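Trainee: Dropping a structure here in structure tokens format, bear with me for questions.
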């Protein structure tokens, strides 16, 4: 049975990601952010019976949906599929060295998480302040919002949300404590950050992004994935690394890591400039507007 979340999910830059991976029949490929299995399914279709697809995700609910989606079809060859729960920063410990022909990471939050109000990722609906990709993780958005001191909270909002009104927002949050829901937080931030000028995004967007990134250690994990003991460690010579990012903080880390790898003889860059979504894809999936894909080949 197909999950409702699957039906509404659109994998970003799907064709571009598959093209840059250059999937080889019988190869071993890693989807480091398997999510609902959209990219993984397209990889698996190309691998054949001798291939191996390894998928990782922090979110056990996403893994269960992906497991159903990646079941062998009634007809045709299908690869071995291994699904692992955990952070892609741990990939060097969980995958054999120089064993993978390609690695894909589609960063950020998934539609499964955004659309579930109970997870607290979005202010579009009332929900608890959670924001954990891994439900077993210790830190929650509620703890960040209600326990951090004002300066630390402002620093989080500024560093991970690139929000210039961070001090004003942090002050308003501290004065409004306790804050128990996404809608309550949105209202507090909106009142503190709203401007008379028209803004392209909702005034609370950057604050929610910042808290989510901090709760899930997203940038630390990304640096871990790109470090010497992770992605370069598991890719065999000629293996492809493809990273899809959703905001400038992620893209900057990816760009710097790949350029440094190219200087040090680890990678050959396949994208001099990041690849973005087409107008057609943006019309179909507005969330793809900010995406940037970068790719490199292991030397």
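The values are calculated or read from the model by the stated rules, or taken from the named source; none is laboratory data. Quick caveat, the model's predicted, so the values are computed rather than measured. For neighbour counting, all protein chains shown are included, and Cβ atoms are generated from backbone atoms with ideal geometry for every residue, glycine included.
Trainee: Name the pairs whose Cβ atoms lie under 6 Å apart, with the first residue in segment 135-159 and in the same structural domain as residue 253 (by TED's automatic domain parsing), the second part of a loop (DSSP other than H, G, I, E, B), and 6 or more positions between them or separate chains?
Mentor: none
Trainee: Moving to a separate point now. Considering only residues that are crowded, with 24+ Cβ neighbours inside 10 Å and within 17 Å of residue 110 (Cβ to Cβ), which ones fall in segment 14-32?
Mentor: 17, 31, 32 - these are the residues of segment 14-32 that are crowded, with 24+ Cβ neighbours inside 10 Å and within 17 Å of residue 110 (Cβ to Cβ).
Trainee: Among the residues of segment 239-256, which ones are closer than 25 Å to residue 206 by Cβ and over 17 Å from the mean Cα position of the chain (by Cα)?
Mentor: 256, the sole residue that qualifies.
Trainee: Could you list, in sequence order, the residues of segment 248-278 that are under 24 Å from residue 114 (Cα atoms), assigned to a loop (DSSP other than H, G, I, E, B) and in contact with a helix residue (DSSP H, G or I) (Cβ under 7 Å, 6 or more places away or on another chain)?
Mentor: Passing the criteria: only 277.
Trainee: Which residues, taken from segment 46-76, are in a helix (DSSP H, G or I) and touching a helix residue (DSSP H, G or I) at 6+ places or on another chain (Cβ under 8 Å)?
Mentor: Answer for segment 46-76, where residues must be in a helix (DSSP H, G or I) and touching a helix residue (DSSP H, G or I) at 6+ places or on another chain (Cβ under 8 Å): 46, 61, 62, 65, 66, 69.
Trainee: Checking the condition at pLDDT 95 or above and touching a strand residue (DSSP E or B) at 6+ places or on another chain (Cβ under 7 Å), which residue from 129, 148, 153, 139 passes?
Mentor: Only one candidate passes the filter, namely 129.
Trainee: Which residues, counting only those in segment 77-111, are part of a helix (DSSP H, G or I) and buried (at least 23 other Cβ atoms within 10 Å of the Cβ)?
Mentor: 88, 91
Trainee: If the Cβ limit is 6 Å and pairs must be 6+ apart or interchain, which residue in segment 21-50 that is more than 23 Å from residue 230 (Cα to Cα) and in the same structural domain as residue 98 (by TED's automatic domain parsing) pairs with which residue that is surrounded by fewer than 17 Cβ atoms within 10 Å (Cβ to Cβ) and modelled with pLDDT under 95?
Mentor: 48/77; 49/77
Trainee: Would you call residue 281 in contact with a helix residue (DSSP H, G or I) (Cβ under 7 Å, 6 or more places away or on another chain), under 15 Å from residue 19 (Cβ atoms) and touching a residue at least 40 places away in the same chain (Cβ under 8 Å)?
Mentor: On the way: in contact with a helix residue (DSSP H, G or I) (Cβ under 7 Å, 6 or more places away or on another chain): yes; under 15 Å from residue 19 (Cβ atoms): yes; touching a residue at least 40 places away in the same chain (Cβ under 8 Å): yes.
When the stated conditions are applied, residue 281 passes them.
Trainee: Filtering segment 246-269 down to residues that are surrounded by 20 or more Cβ atoms within 10 Å (Cβ to Cβ) and either touching a strand residue (DSSP E or B) at 6+ places or on another chain (Cβ under 7 Å) or not assigned by TED's automatic domain parsing to the domain that holds residue 230 (or both), which residue is nearest to residue 110 (Cα to Cα)?
Mentor: Ranking the qualifying residues of segment 246-269, first place goes to 251.
Trainee: Which of (1) in contact (Cβ under 8 Å) with a residue 12 or more places away in the chain; (2) closer than 26 Å to residue 14 by Cβ is the odd one out, the single condition residue 252 does not satisfy?
Mentor: The single condition residue 252 does not satisfy is (1).
Trainee: Suppose the filter is in contact (Cβ under 8 Å) with a residue 12 or more places away in the chain, more than 18 Å from the chain's Cα centre (by Cα) and not assigned by TED's automatic domain parsing to the domain that holds residue 32; does residue 182 pass it?
Mentor: yes
Trainee: Identify, from the list 30, 43, the residue that is touching a strand residue (DSSP E or B) at 6+ places or on another chain (Cβ under 6 Å), at pLDDT 95 or above and either under 17 Å from residue 271 (Cβ atoms) or in a strand (DSSP E or B) (or both).
Mentor: Of 30, 43, the one residue that is touching a strand residue (DSSP E or B) at 6+ places or on another chain (Cβ under 6 Å), at pLDDT 95 or above and either under 17 Å from residue 271 (Cβ atoms) or in a strand (DSSP E or B) (or both) is 30.
Trainee: If you go through segment 2-12 one residue at a time, do you hit one that is at pLDDT 95 or above, in a loop (DSSP other than H, G, I, E, B) and surrounded by fewer than 24 Cβ atoms within 10 Å (Cβ to Cβ)?
Mentor: no
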